[in-house]
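Dumping the structure here so I can ask a few things about it.
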Amino acid sequence: MGFITRAQQDDGNTSTNVTTTTKTHDHLRNDGLGAKTNLSAGDNVGKMPSFGKWIKSSLLDLVTMLCMGVVGLGVYFASPAPTRSFPIFFQDGEIVYPQFAYPLRRNIIPIWAAALMASLIPISLILLTQIHNRSFWDANNAIMGLLYSLITAAVFQVFLKWLIGGLRPHFLTVCKPRVPVTTLEETGKGLRNIMFDRRICMGNEKEINDSLESFPSGHSTAAFAGFVFLALYLNSKLKVWSNYHSAMWKMIVLWAPILGATLIAASLTIDEFHNWYDCVAGAIIGSIMAFSAYRMVYTSVWDYRTNHIPLSRESKSFSNGPN
């Protein structure tokens, strides 16, 4: 009764609001992949610009991505910056941290495969949605946003690997330390002389460098940067969280990329290339970059009324691309 009374009192405003909401509701329900990208008449939605105009609007980003890629590769191939101390044996000969003594195994999913999946799968699905959307600027913003997420996350994590790092689960195996228990008091440092640095390692230098850069996980970072962005994009098209009861298959489609990212990250604890906290840190970094990148190129992240609308380079709140 209270609702009816309130509606009668605010008849004019309520009628307008109900009409608007109903139209939005019906529009979303009748659209197979979610709301189309045309919000206002006069916007050149889906209109493909000339190559020169596209280059002019995107050149700065393309140059920035190229520079960040070069910086990231340079840091990736650099030797670890810090000299990390680590224990090996107690004075009685027992290994201090057996969690760093796992055997060296091959990756279940190589880093190049994780990077390809995190980029090509989202790009393929973005292009597939254009069968319905037919919007150049939607595809452009989605792919550019995906690249923002992947490249920024990659550079972020390689700097952490280089400057912070950490021991991989197989560190002691590739280190091959030569420390007789009887000489611990003469060669070790710290309390009870149990701490050492990489100078006692006799293994392959490249493997040792890699085993000192466990934190954070590059696989996990790339997977979540790509697949979380894809999940946000799918939500904007399918309207999983909207103003009506959505179908269950949409929720499954939405969470499938997150499952894929989680499986990629978790595989690193099975092949013993990363500690669990390396994977969690990578997932957090990748997810943050995905959310940041999505909001840069679309009007909103969670608002079902606007999260499908690509932003232009200009300061128009509801533009669908440069005119």
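Derivation of every value follows stated rules applied to the coordinates shown; laboratory data play no part. None of these values were measured; they are calculated from a predicted model. FYI the Cβ positions are ideal-geometry reconstructions off the backbone, even for glycines, and counts take in every protein chain you see.
Can you figure out the FRET efficiency of M68 with V96, using R₀ = 56 Å and their beta-carbon distance, to the nearest 0.05?
Details: r = 39 Å, r/R0 = 0.70.
So the FRET efficiency works out to roughly 0.90.
While we're on this one: Which far-off residues, 5 or more places away or on another chain, put their amide H under 5 Å from the one on D271, with H placed in the peptide plane?
I108
Right, next: For a quick check: with amide H placed at 1.01 Å from N, whose amide H comes under 5 Å from F89's, ignoring anything fewer than 5 positions away on the same chain?
V96
Between M296 and I108, what FRET efficiency comes out of the Förster formula 1/(1 + (r/R0)^6) with R0 = 30 Å and r the beta carbon distance, rounded to 0.05?
Computed FRET efficiency for I108 and M296 comes out at 0.35.
Then there's this: Let me have the relative contact order for segment 211-312, percent, based on Cα pairs under 8 Å that are six or more residues apart.
Taking the mean separation of contacting Cα pairs over the length of segment 211-312, I get 41 percent.
Further question on the same structure: What distance in nm separates the simple spin-label points at W241 and K189, each placed 7 Å from Cα in the Cβ direction?
Placing both labels 7 Å beyond Cα along the Cβ direction yields 4.9 nm.
Sticking with the crude label model, points 7 Å out along Cα→Cβ, report the distance from L120 to D271 in nm, one decimal please.
My value for the distance between the label points is 1.6 nm.
Among M296, M144, which comes first, second and so on when ranked by fewest other beta-carbon atoms within 10 Å?
Placing the least packed residue first, the sequence is M296, M144.
Could you tell me which of rounded, prolate or oblate describes segment 105-169, using a ≥ b ≥ c as the square roots of the eigenvalues of the alpha-carbon gyration tensor, with rounded for a/c under 1.5 and, failing that, prolate when a/b is larger than b/c and oblate otherwise?
Judged from the Cα gyration tensor, segment 105-169 comes out oblate (a/c at least 1.5, b/c at or above a/b).
Assuming R0 = 51 Å, can you tell me the calculated FRET efficiency for the pair L60 and D197, based on Cβ-Cβ distance, to the nearest 0.05?
Between L60 and D197 the formula returns 0.70.
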